[in-house]
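Here's the structure, in structure tokens; my notes come after.
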Amino acid sequence: MNNITIEVKDNLYYLGVNDRETPRFENLWPLDYGVAYNAYIIIDEKVALLDTVKITKIEGFKSNYEEILGDRKLDYLILHHIEPDHGGAIADIIEKYPDIQLVGNKQTKKLLKVMYGIENVNFLEVKEGDELCLGKRTLKFFTTPMCHWPESMVSYEPNEKILFSQDIFGSFGALDGSIFDDEMDYSRVRSDMRRYFSNIIGKQAQQAKMALEKLENLEIDMICPVHGIIWRTHTRKVIEEYTKWANFQVEPGVVLVYGSMYGTTEAVADKLARFLVEAGVKTVKVFDASKTHASYIINQIWKYNGLIIGSCTYNVHLLPVIKNLVSILEHYKIKNHFLGYFSTYGWASQANNELKAFAEASGFDYIDQKIDINGMATEEHEKQLRELAKSMADKVNG
């Protein structure tokens with residue numbers, strides 16, 4: 001059983017429950033170092049619990065809030081986001097505190113019924129800019145729809161300038177003793193934070209951008225997300241990072257990802273990687289899509305402005321792992337990138353046609369050069385690869 005309670009501010013408590021057992025977030029994205037589910041309690045004239053945790057961690061969570069509350073009861077349960085990793089204990093809270101008032105927006109109420117069968121409860125519906133006074137502290141609510149569910153919202157405590165941000169500004173990774181950002185090396189969390197953004201928030205980057213613009217006039221000294229560490233020192237930096245990612249601000253470099261059955265496509269990718277470096281690209285990241293989960297590849301695509309995809313033809317289609325990556329990229333609608341592609345085949349050619357169709361529909365600035373290699377690469381193919389590398393280098397280096 002996991003039990004972490006920290007007094008973040010006077011009578012504001014962090015309830016942390018680590019999960020190192022779940023292998024994949026949303027049963028999709030790898031959790032190499034686990035994940036933390038965060039909730040918070042404000043003790044004031046009224047007592048408010050801000051969010052809950054995944055149902056598999058309810059016992060540790062229960063012991064946390066019971067320790068903090070003592071003989072006091074909960075007056076409010078603030079529901080910033082009710083995806084099951086944050087809403088798993090809602091029914092348990094209602095059972096224990098039947099007079100509690102749930103606080104959410106119109107979409108929250110609808111999803112409570114759909115997701116958990118919860119209706120006919122004491123529910124306070126809040127709208128954009130509404131405030132809830134707890135005593136010395138007040139929570140002001142801002143809707144952030146599709147960041148990353150329709151009911152998603154944040155709350156802001158103006159006296160101490162604290163943002164309770166739900167999934168925004170969160171990160172993968174269990175909390176290994178460090179609760180606050182100044183208790184750890186920032187670089188240690190940055191990549192996993194970007195992977196979290198690119199995997200979870202990134203598909204709604206436009207909505208994330210709008211949410212960040214809505215919050216830009218607030219003075220924020222502390223950010224309390226529902227995943228990852230609490231930000232109290234690098235607050236401005238993490239806001240700048242999220243703003244950069246939401247606006248698809250990228251660095252010069254090329255992500256080269258390939259799918260190969262017997263090594264032919266891999267050999268082409270290695271040649272192309274060398275040609276890219278010779279053409280002046282300082283950063284080239286090469287990934288075998290059969291070995292590296294799309295989660296990590298997308299993380300790097302979000303960082304660098306160049307992308308080259310190579311695939312063999314498999315059963316007259318793209319290799320399935322490349323097809324999966326292409327499908328995710330189509331869904332995410334990534335901007336400000338340059339795209340190139342190549343293919344190989346044995347007895348039938350089709351991968352190149354599918355890659356070109358993706359390029360045309362992607363919205364990327366793509367290099368319209370057909371490189372479709374039958375068998376082993378020839379000198380003529382190497383010439384084409386050098387041309388592709390030169391074109392890509394010119395684009396990514398500006």
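The values are calculated or read from the model by the stated rules, or taken from the named source; none is laboratory data. Being a predicted model, the structure only gives us computed values, none of them experimental. Here the Cβ positions follow ideal geometry from the backbone for every residue, glycine too, while neighbour counts run over all protein chains shown. Please note that ligands, DNA and RNA were not included when accessible areas were found on the heavy atoms of the full protein model with its side chains. Shrake-Rupley method; radii C 1.70, N 1.55, O 1.52, S 1.80 Å.
Checked against (1) buried (at least 20 other Cβ atoms within 10 Å of the Cβ); (2) of a type outside the set (D, E, K, R); (3) over 30 Å from PRO158 (Cα atoms), ILE230 passes all but a single condition, namely (3).
This table checks each residue for (1) touching a His at 6+ places or on another chain (Cβ under 8 Å); (2) open to solvent by 10 Å² or more (accessible area, probe 1.4 Å); (3) not small (Gly, Ala, Ser).
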position	(1), (2), (3)
ASN38	yes, no, yes
GLU45	no, yes, yes
ALA48	no, no, no
ASP71	no, yes, yes
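Here GLY60 fulfils each of the conditions (1) within 21 Å of the chain's Cα centre (by Cα); (2) more than 24 Å from PHE142 (Cα to Cα); (3) in a helix (DSSP H, G or I); (4) not charged (D, E, K, R) apart from (1). Residues that are assigned to a loop (DSSP other than H, G, I, E, B) and open to solvent by 60 Å² or more (accessible area, probe 1.4 Å) were ranked within the range 317-340; the one that is nearest to GLY398 (Cα to Cα) is ASN336. The set of residues from the range 345-365 being crowded, with 17+ Cβ neighbours inside 10 Å and assigned to a loop (DSSP other than H, G, I, E, B) comprises GLN350, PHE364.
Here is a yes/no grid of residues against (1) farther than 16 Å from LEU256 by Cα; (2) within 18 Å of the chain's Cα centre (by Cα); (3) of a type outside the set (D, E, K, R):
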{"position": "HIS331", "(1), (2), (3)": "yes, yes, yes"}
{"position": "LYS335", "(1), (2), (3)": "yes, yes, no"}
{"position": "PHE338", "(1), (2), (3)": "no, no, yes"}
{"position": "TYR341", "(1), (2), (3)": "no, no, yes"}
{"position": "TYR345", "(1), (2), (3)": "yes, no, yes"}
{"position": "GLN350", "(1), (2), (3)": "yes, no, yes"}
{"position": "LEU355", "(1), (2), (3)": "no, no, yes"}
{"position": "GLU360", "(1), (2), (3)": "yes, no, no"}
{"position": "GLY363", "(1), (2), (3)": "yes, no, yes"}
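Picking from residues in the range 85-127 that are without any contact (Cβ under 8 Å) to a residue 12 or more places away in the chain and in a loop (DSSP other than H, G, I, E, B), the one that is farthest from ARG72 (Cα to Cα) is GLY117.
Return the total of residues in the range 11-30 being touching a helix residue (DSSP H, G or I) at 6+ places or on another chain (Cβ under 7 Å) and either open to solvent by 10 Å² or more (accessible area, probe 1.4 Å) or more than 18 Å from ILE162 (Cα to Cα) (or both). The total comes to 5. Based on what the data block shows, is ASN105 more than 26 Å from TYR296 (Cα to Cα), in contact with a Lys or Arg (Cβ under 8 Å, 6 or more places away or on another chain) and surrounded by 13 or more Cβ atoms within 10 Å (Cβ to Cβ)? So ASN105 passes the test.
Table: residues versus (1) touching a residue at least 60 places away in the same chain (Cβ under 8 Å); (2) under 22 Å from LEU12 (Cβ atoms); (3) aromatic (Phe, Trp, Tyr); (4) part of a strand (DSSP E or B).
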position: ARG188; (1), (2), (3), (4): no, no, no, no
position: ILE201; (1), (2), (3), (4): no, no, no, no
position: LEU212; (1), (2), (3), (4): no, no, no, no
position: ILE239; (1), (2), (3), (4): yes, yes, no, no
position: VAL255; (1), (2), (3), (4): no, no, no, yes
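Out of (1) of a type in the set (A, V, I, L, M, F, W, C); (2) surrounded by 20 or more Cβ atoms within 10 Å (Cβ to Cβ); (3) not in a helix (DSSP H, G or I), what's the single condition that is false for ALA205? In the conditions (1) of a type in the set (A, V, I, L, M, F, W, C); (2) surrounded by 20 or more Cβ atoms within 10 Å (Cβ to Cβ); (3) not in a helix (DSSP H, G or I), ALA205 misses (3) alone. The single condition from (1) touching a strand residue (DSSP E or B) at 6+ places or on another chain (Cβ under 9 Å); (2) surrounded by fewer than 23 Cβ atoms within 10 Å (Cβ to Cβ); (3) farther than 24 Å from GLY306 by Cα; (4) not β-branched (Val, Ile, Thr) that ALA211 fails is (2). Taking the stated definitions as given, is LYS271 more than 19 Å from ASP365 (Cα to Cα), among the charged types (D, E, K, R) and over 30 Å from the mean Cα position of the chain (by Cα)? Answer is yes for this residue.
The C-beta contact set for the range 272-299 (first residue under 19 Å from TYR262 (Cα atoms) and among the hydroxyl-bearing types (Ser, Thr, Tyr), second residue part of a helix (DSSP H, G or I) and open to solvent by 10 Å² or more (accessible area, probe 1.4 Å), distance under 6 angstrom, 6+ apart or interchain) comprises SER290/VAL321. When we screen ILE162, ILE93, ILE179, ILE200 for residues that are β-branched (Val, Ile, Thr), touching a Cys at 6+ places or on another chain (Cβ under 9 Å) and open to solvent by less than 20 Å² (accessible area, probe 1.4 Å), the only hit is ILE162.
Please indicate, with yes or no, whether at least one residue in the range 378-391 is assigned to a loop (DSSP other than H, G, I, E, B) and either touching a residue at least 12 places away in the same chain (Cβ under 8 Å) or touching a Gly at 6+ places or on another chain (Cβ under 9 Å) (or both). No, because not a single residue in the range 378-391 is assigned to a loop (DSSP other than H, G, I, E, B) and either touching a residue at least 12 places away in the same chain (Cβ under 8 Å) or touching a Gly at 6+ places or on another chain (Cβ under 9 Å) (or both). Residue count for the range 363-395 under the criterion of being of a type outside the set (Asp, Glu), touching a Phe, Trp or Tyr at 6+ places or on another chain (Cβ under 6 Å) and closer than 13 Å to LEU307 by Cα: the result is 2. The residue list LYS271, LYS285 contains one member that is assigned to a helix (DSSP H, G or I) and either surrounded by fewer than 15 Cβ atoms within 10 Å (Cβ to Cβ) or of a type outside the set (A, V, I, L, M) (or both), which is LYS271.
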